[in-house]
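Structure first, then comments.
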Amino acid sequence: METTQRRWRKVAYGGMQPGFDDNHTDDTFLQEMVMNANVVKRDMLKVMLDSVSISQYLCIVALVVLVWAHTLNSTITENFLIILDITLVGSGFFILLLTAKMLSFKLLLSYAIKISFFTTGLYVLSPIYHTLTRSISSDSIWALTTSLVILHLFLHNYSGSTIKAPGALENPNLTSNISLNASIVASLLIASRLPSRLLVFAIILFSLQVFLFAPLVTYCLKKYSFRLHLMFSFVLMAITLTCVYRLHKLLFVVLLGLLVFVNLVCPYWLIRIQEYKFEINGPWDEAKLCFNITD
C-alpha cells in the first residue's frame, strides 16, 4: 500500500515534520523575498538642512575655543567673563521659556536652584582647579586639550541634547555622556593655566554653560521653529567665521572648508551612496515586535 507524501508546512514551532529535514525549504521560499523594502530615499535639500545642526555646534565649539585663546592671552578680563556668564544664563532661560512647551515654573525653579548650587560649588573648588596641572608641561596640556575637544565633537549627539530636555522620553546615551565629560576635562585643563582664581572660576563656568546648556537651548529652538533654527545657525556661522578670520586667516580657511564639507560634500556623498544600497528581506529574517516591550 502506497503512502501519500505529507505536504510540508511552514510553522514556527512544533518540531520536525516527518519526511522533511529541519532546515527544509520548499519552492515558494524565495517568492516572499523583498528587495530594498526599508531603504529611505533622501532629498538633497533636506539632508543639507539637517546637516546645519552639525555646523551650528561646530561654530559653538569654535567660539568657546576663541574665548579660551583670548583669555589665555589676557585679552579678556574676569569682569567681562562674569558679565558674559550672566548674559548666557539669562538668555538661555529666556529662550527656554519661549520655546519649551512642557517647561513649568516648578521645573524652571528646579533648574535655577541646581545652577546656584553648581555655581557655588564651582567657586569653592576654583583654587583647586587653579593648581591642578602645575606639574604638567604646557605642551602636554595643549595636546591633551586638543584631543579631548576632537573626541567631544566626534561623540557628540548632534540630533538631541546633552541633558534631558523637558518632555523628552529618552535620556542621553553613553557616547553623549562621554562627549560631555571630555569637554569638561578640556575646560579644566585650560582653566588650570590661567593666572587668577576668579578667572579660573569664570572660564569654567562659561565653558560648562555652553557645553551643558547650549545643546538643550538649540534643541528646544529647533523643536519650536525650524526656520528660526536655520536663521540662528546662519547668523552664528557668520559671527564665528568673522571672529576666526580676525584671529588667524589659516584657521578661517580650515573652518570654512569644514563647514562646506559638512553642509555640501557629506550630503552629496550620502545621496550618491544610496544608489548602491542593496537590502533583501524574506522569511529568514528574525521576527520584530510591533510594540514596545516595556509598555
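The values are calculated or read from the model by the stated rules, or taken from the named source; none is laboratory data. Because the structure is predicted, anything quoted here is derived from the model rather than measured. All Cβ positions, glycine included, derive from the backbone under ideal geometry; neighbour counts span all protein chains shown. The accessibility values were calculated without ligands, DNA or RNA, using every heavy atom of the protein model including side chains. Shrake-Rupley method; radii C 1.70, N 1.55, O 1.52, S 1.80 Å.
Brief remarks follow.
- Filtered by the rule that a residue be of a type outside the set (Lys, Arg) and open to solvent by 50 Å² or more (accessible area, probe 1.4 Å), segment 216-239 gives Tyr219, Tyr224, Phe226, Leu228, Met231, Phe232, Phe234, Val235, Ala238, Ile239.
- Taking helices (runs of 4 or more DSSP H) as the structural unit, those lying wholly within segment 165-265 and holding at least 1 residues that are more than 16 Å from the chain's Cα centre (by Cα), under 19 Å from Val52 (Cβ atoms) and in contact (Cβ under 8 Å) with a residue 60 or more places away in the chain correspond to 197-224, 226-247, 249-260.
- Any hit, segment 118-129, residues being under 22 Å from Leu212 (Cα atoms), open to solvent by 80 Å² or more (accessible area, probe 1.4 Å) and hydroxyl-bearing (Ser, Thr, Tyr): yes
For (1) closer than 30 Å to His229 by Cα; (2) assigned to a helix (DSSP H, G or I), each residue gets a yes or a no:
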{"position": "Leu88", "(1), (2)": "yes, yes"}
{"position": "Leu98", "(1), (2)": "yes, yes"}
{"position": "Ile113", "(1), (2)": "yes, yes"}
{"position": "Thr120", "(1), (2)": "no, yes"}
{"position": "Ser135", "(1), (2)": "no, no"}
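- Residue within segment 64-73 that is part of a loop (DSSP other than H, G, I, E, B) and touching a helix residue (DSSP H, G or I) at 6+ places or on another chain (Cβ under 6 Å) present: no
- Residue match in segment 199-215 (condition: open to solvent by 70 Å² or more (accessible area, probe 1.4 Å) and not aromatic (Phe, Trp, Tyr)): no
- Checked against (1) under 27 Å from the mean Cα position of the chain (by Cα); (2) open to solvent by less than 30 Å² (accessible area, probe 1.4 Å); (3) farther than 18 Å from Thr218 by Cβ, Cys59 passes all but a single condition, namely (3).
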